[in-house]
Amino acid sequence: MVLSGRLEAEHIGELEGLFERHEDLPAIVLDLREVRLADRDAVEFLARCESGGMRLGNCPAYIREWIGKEKELREQTCRCRKQARGESDEH
């Protein structure tokens, strides 16, 4: 699936609807070569898609870097919450 232009929060619902009808999510490849601008909601959505098994093809460097930072932030938040509850990351 090729995405192009601006990817913003208002587009996420439509994309989610398309994906819900698709039984094999890991088979979906989102081609982002033509995406010129993405907002934070869109980047968080792409990160969730990738975590769910979708591939992000031709992902612009700024989006790839942003996804990495969002993942780091989520992991850091999770660790802080565990520490606040007195839990440990050790297995």
Checklist outcome for this item: Okay, helices (runs of 4 or more DSSP H) sitting entirely in region 2-91 with 1 or more residues that are of a type in the set (S, T, N, Q) and modelled with pLDDT under 95, I get 40-51, 61-84
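Considering only residues of region 31-68 that are among the aliphatic types (A, V, I, L, M) and over 8 Å from the mean Cα position of the chain (by Cα), which is nearest to residue 9 (Cα to Cα)? Let's see the steps before the verdict.
The first filter runs over region 31-68 and keeps only residues among the aliphatic types (A, V, I, L, M), leaving 32, 35, 37-38, 42-43, 46-47, 54, 56, 61, 63, 67.
From what's left, over 8 Å from the mean Cα position of the chain (by Cα): 32, 35, 37-38, 54, 56, 61, 63.
Details: 32: 16, 35: 14, 37: 12, 38: 9, 54: 19, 56: 18, 61: 20, 63: 15 Å.
Only one residue tops the list, namely 38.
The values are calculated or read from the model by the stated rules, or taken from the named source; none is laboratory data. No experiment lies behind these values; they were computed from the predicted model shown.
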